[in-house]
Every structure is written in structure tokens, then in C-alpha cells.
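K.L.:
To start, I am sharing the structure in question, which I have written as C-alpha cells.
The values are calculated or read from the model by the stated rules, or taken from the named source; none is laboratory data. Please read these numbers as outputs of a predicted model, since none were measured by experiment. Cβ placement follows ideal geometry from the backbone for every residue including glycine, while neighbour counts extend to all protein chains displayed.
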Amino acid sequence: MSGVTETALSATRAVHTASSLVDAANTVLGTANAHAKCTATAAFAAQWRDARITLVGDTPPPDRPQRPTKPALLQPADVPRRKINRGTAGRIAQLHALAHIELNAVDLAWDIIARFSGRDLPREFYDDWVLVADEEAKHFGLLADRLSDFDAAYGDLPAHDGLWDSAIETRHDLAARLAVVPLVLEARGLDVTPMMITKLRGVDDEESAAMLEIIYRDEIGHVEIGHRWFEFECGRLGLDALSHWRDLVERHFRGALKPPFNIEARDAAGLPQDWYLTVSET
């Protein structure tokens, strides 16, 4: 991963002192530098997989993760629209927006681990969300490297904080977090990414298109993980998953579910069509 600073190296060293997975999660959430955050994520994920970290822990996370001073965060409507074409400015803007989403996704994965620990969740829950965090960090690194190919960097352009607004909205309820973040927001990524890939190939940017193909395949798995654990949580609560998902989306998601939907990818992620086709904006 390019751009690793002394801050990143310090974060990497800090992982050796993590006493639990939640301690690791809070270390990542408390790391401002984007590359350091992703470097620490990769190291912690390896330690968890190798059983060098064995305890889950239960220290509450911060309401908001630490972030770099740039990019400037604007209201979503104030962030300039992006258009992929043969000029580099539009592609830089699109890649930058995706990098911002992926960095948020790193924090979201660690936040779900720390925020909802201590709820008698099985080891597999933590395995899955550590995997998600690790893959989101990989995605950020791919995007940051591609931005550098265009002499650009994460932080050069403004972004918005809509993803973390959703995290705050659902911080009280695991089912609500799962209903909104993976099953609405990440599922939307499955709908729009193939169109971006097509547009990139249309301007002969095979490098960026191939990178988005990697991200797209991983994100199908992330939506599947979100759906599986939402079903699990509804089972524990004795609730019908479909009706509870609809209720949670109505209460906690601002806006409508917008077609067109990538039904093939959503099916691959195990997301039933009757969950979203009957409540979408026509």
C-alpha cells in the first residue's frame, strides 16, 4: 500500500499490544491517518486469524472514528457530481468518492465488532466482520494506489459523511445496523458498480475497471454476511426477518430504495427479491 507514513508504522507497532479484538477495533477507530488505519486493520486481521488475539473484549467504541483533516466533509447535495469520461478529472473524482466509501467501510466493520460485543454472539460473527474490515482496507489501498497513478491522493477532493450518519442512527440496535448498512447501502453498491465498470472500459481505463471488479466481487460477500447475521439476530429476537427489515428501513433509512437493482448480484448475496422490489421507489 502506498503512502504509508511514520504514523502508519506506529499504528502497526501498536497492534502488538492489543489485549482483545475490541481493543484492536478501538485502536483502528482511534487512528486518523487513512493509510495507518488500513495498515493496522491488515495486521489486526492477521492476528485474529492466527489466534494471536483470542479475547473479544467489551470496551465501548467512540461515537465517531478519528479521520484525517482532509477531505473536507460537505452535505451530500454539495459534493460535486462525477462523470466518467476520457478526461482524468471525472475519473479521479469517482475513484476518490469510492476511496472515501471504503475508508468509512473499514471503520463501520470495526465499529460493529466493538459496539455490539458482549451480546453472546458466536465466534463466526467476529470472523466475518474482521474479514470485511480487512477487505475494505484492501479496497482503499487499491483505490489510493490508482489515484496516485493520476497524481492525485485521497483528501484532494471534498466528500460527505452520510455513511457515518447511518452508523449513528443505528448505533443502538444490531439488527438496525445490519438492515441499513450492508442490506441497503452496500447492496446499492452492487447495483451501481457494474455501470461504473462499463463506463471505465468504454474510455479504455482497464486498470480502474479491473480494480472495481475485485471490489465488486468482495462486496457481494459483504452483503451476504450482512444478510446472514440479520437473519440470525431476527431469529434470536423471535421476529420475522422480512417484516422487521422493512420496519427498520422505514424508521432508520432516509430516502427510498431506488431501482434499477442488480438482481443477479443481490441473488448471489442471498438477498431475497421480495425484500426490496415491493418497497422500492418506482
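K.L.:
What residue, among those in segment 126-155 that are part of a loop (DSSP other than H, G, I, E, B) and not aromatic (Phe, Trp, Tyr), is nearest to Leu178 (Cα to Cα)?
P.N.:
Gly155
K.L.:
Could you list all residues from segment 67-92 that are surrounded by fewer than 20 Cβ atoms within 10 Å (Cβ to Cβ) and in a helix (DSSP H, G or I)?
P.N.:
Pro76, Ala77, Asp78, Thr88, Ala89, Gly90
K.L.:
Val249 versus (1) surrounded by fewer than 17 Cβ atoms within 10 Å (Cβ to Cβ); (2) in contact with a strand residue (DSSP E or B) (Cβ under 8 Å, 6 or more places away or on another chain); (3) β-branched (Val, Ile, Thr): which is the lone unmet condition?
P.N.:
Every condition holds for Val249 apart from (1).
K.L.:
Got a number for residues in segment 43-99 being among the hydroxyl-bearing types (Ser, Thr, Tyr) and at pLDDT below 90? Before you say what the answer is, go through the steps one by one.
P.N.:
Step one: filter segment 43-99 for residues among the hydroxyl-bearing types (Ser, Thr, Tyr), giving 54, 59, 69, 88.
The next check asks that each one be at pLDDT below 90; those that pass are none.
Count: 0.
K.L.:
Here's a follow-up. Kindly evaluate Arg254 against the criterion of being under 20 Å from the mean Cα position of the chain (by Cα), at pLDDT below 95 and either among the charged types (D, E, K, R) or over 16 Å from Val181 (Cβ atoms) (or both).
P.N.:
Details: under 20 Å from the mean Cα position of the chain (by Cα): yes; at pLDDT below 95: yes; either among the charged types (D, E, K, R) or over 16 Å from Val181 (Cβ atoms) (or both): yes.
Yes; evaluated as a whole, the condition is true for this residue.
K.L.:
Tally time: how many residues in segment 183-221 are among the small types (Gly, Ala, Ser), surrounded by 18 or more Cβ atoms within 10 Å (Cβ to Cβ) and under 29 Å from Ala256 (Cβ atoms)?
P.N.:
The number of residues fulfilling the criteria is 2.
K.L.:
Which pairs do you get when a residue that is farther than 18 Å from Met211 by Cα and surrounded by 17 or more Cβ atoms within 10 Å (Cβ to Cβ), found in segment 148-172, comes within reach of a residue that is at pLDDT 95 or above and acidic (Asp, Glu), reach meaning Cβ atoms under 7 angstrom, with the pair 6+ apart or on two chains?
P.N.:
Cβ pairs passing all conditions: Ala167/Asp111.
K.L.:
For Gly57, which of the numbered conditions (1) in contact (Cβ under 8 Å) with a residue 60 or more places away in the chain; (2) in a loop (DSSP other than H, G, I, E, B); (3) on the phi < 0 side of the Ramachandran plot fails to hold?
P.N.:
The number of the failed condition is (3).
K.L.:
Let me ask something else about it. Do any residues in segment 17-38 that are farther than 15 Å from Gly155 by Cα and modelled with pLDDT of 95 or more have Cβ atoms under 7 Å from those of residues that are assigned to a loop (DSSP other than H, G, I, E, B) and acidic (Asp, Glu), where the two are at least six apart or on different chains, and which pairs are they?
P.N.:
Val22/Asp58
K.L.:
Taking the options Glu207, Glu213, Glu186, Glu219, name whichever one is in contact with a Lys or Arg (Cβ under 8 Å, 6 or more places away or on another chain) and among the charged types (D, E, K, R).
P.N.:
Values: Glu213 fails: in contact with a Lys or Arg (Cβ under 8 Å, 6 or more places away or on another chain); Glu186 fails: in contact with a Lys or Arg (Cβ under 8 Å, 6 or more places away or on another chain); Glu219 fails: in contact with a Lys or Arg (Cβ under 8 Å, 6 or more places away or on another chain).
Exactly one residue qualifies, and that residue is Glu207.
K.L.:
Just to be sure before I move on: is Ala179 among the aliphatic types (A, V, I, L, M), part of a helix (DSSP H, G or I) and closer than 23 Å to Ala51 by Cα in the structure I sent? Walk me through it before giving the result.
P.N.:
Details: among the aliphatic types (A, V, I, L, M): yes; part of a helix (DSSP H, G or I): yes; closer than 23 Å to Ala51 by Cα: no.
So Ala179 fails the test.
K.L.:
While we're looking at this one, here's another question. Which of the residues spanning segment 252-282 are surrounded by 14 or more Cβ atoms within 10 Å (Cβ to Cβ) and within 24 Å of Trp164 (Cβ to Cβ)?
P.N.:
Across segment 252-282, the qualifying residues are His252, Phe253, Leu257, Ala269, Leu271, Tyr276.
K.L.:
Give me a count of the residues in segment 263-275 that are assigned to a loop (DSSP other than H, G, I, E, B) and either free of Cβ contacts under 8 Å to residues at least 12 places away in the same chain or within 14 Å of His222 (Cβ to Cβ) (or both).
P.N.:
Count: 3.
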